[in-house]
Every structure is written in C-alpha cells, then in structure tokens.
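Reviewing the structure listed below.
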Amino acid sequence: MTSEWQKAKAVPAAAAAFQGKKDFQVVYGHNDDSTEGAYIAARNADMDLSKMLFLGIDGLPDKNGAIVSILQGRLGASFVYPNGAAEAIEWVERILKKGEKPPKKITLGTDEINTTNAKAMCEKYDCEAK
C-alpha cells in the first residue's frame, strides 16, 4: 500500500489492506505517520490491537511523533532515521580546514525506540511529551 508518508492517506490504504483479513500480527510503515494511519484503520476495523505490533521509522520527538505514540501505547517501536546532515557538515569542515580525505563509506547510527526505552529516548531527543 502507499500513503505518500501521510497519516490521512494511510488510513484508507490500510483499511483496504485489512479488509477480509483480520489476523495481522505486525504492521510496518516506512514512516511513523503512515504507521499511525494504519493503527487508526485497525482500530476502526475493530481489530484486536493488543495482538498487533505497529512499527515505524523516524522516531520523531514532537507531540505527534513516534515517541509519544509509543508512550501512549499505539506504536510498539520506531527507529530514528539519521539523514547524515550533521556528518556531512562535519566532513565539509574537516576537508576545508584540515584537508582531510573522507572515507568512502560512513555508517550512520540509529536508535530503536520501544516500550522499554521510550522514556529515556524522550529525554535524549528532548521530546515534547515531558
């Protein structure tokens, strides 16, 4: 299904996917808004949400983001998706100021946010749920 990374478009897309099949165990959205939309569609379809795990990507700390959704019990997990901007700026500075040559590959770290660490991640990312 596609929802163009928007909650409003994810609700009908997920509802269509849920029609006739009620035994979903895991729902993955490639961003947290899509996952939230799928959660709403599952709730609207009277699916047993306690038997479903909703996973997203972004881990945003804003009031509508994944960390709050995890703290409130809607999402089960999300993953912070680093965009590499900080590393790119750091390397520009190192290249220009020090003449360093960057490596061919830089692996960006990620954080998993789940029900066991959501409070700590809320602190780490200055979450709006505080």
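Exactly one residue among L75, L60 is surrounded by 13 or more Cβ atoms within 10 Å (Cβ to Cβ), modelled with pLDDT under 90 and out of contact with any Lys or Arg (no Cβ under 7 Å at 6 or more places or on another chain), and that residue is L60. Pairs meeting the criteria (first residue in the range 1-26 and within 18 Å of L55 (Cβ to Cβ), second residue at pLDDT below 90 and of a type outside the set (S, T, Y), beta carbons under 7 Å, at least 6 apart or on different chains) are A13/M1; A14/M1; A17/M1.
Here the strands (runs of 3 or more DSSP E) wholly within the range 23-87 that include at least 2 residues being of a type in the set (G, A, S) are 77-80.
The values are calculated or read from the model by the stated rules, or taken from the named source; none is laboratory data. All values derive from a computational prediction rather than experimental measurement. Heads up, the Cβs are rebuilt from the backbone with ideal geometry, glycines too, and the neighbour counts pull from every protein chain shown.
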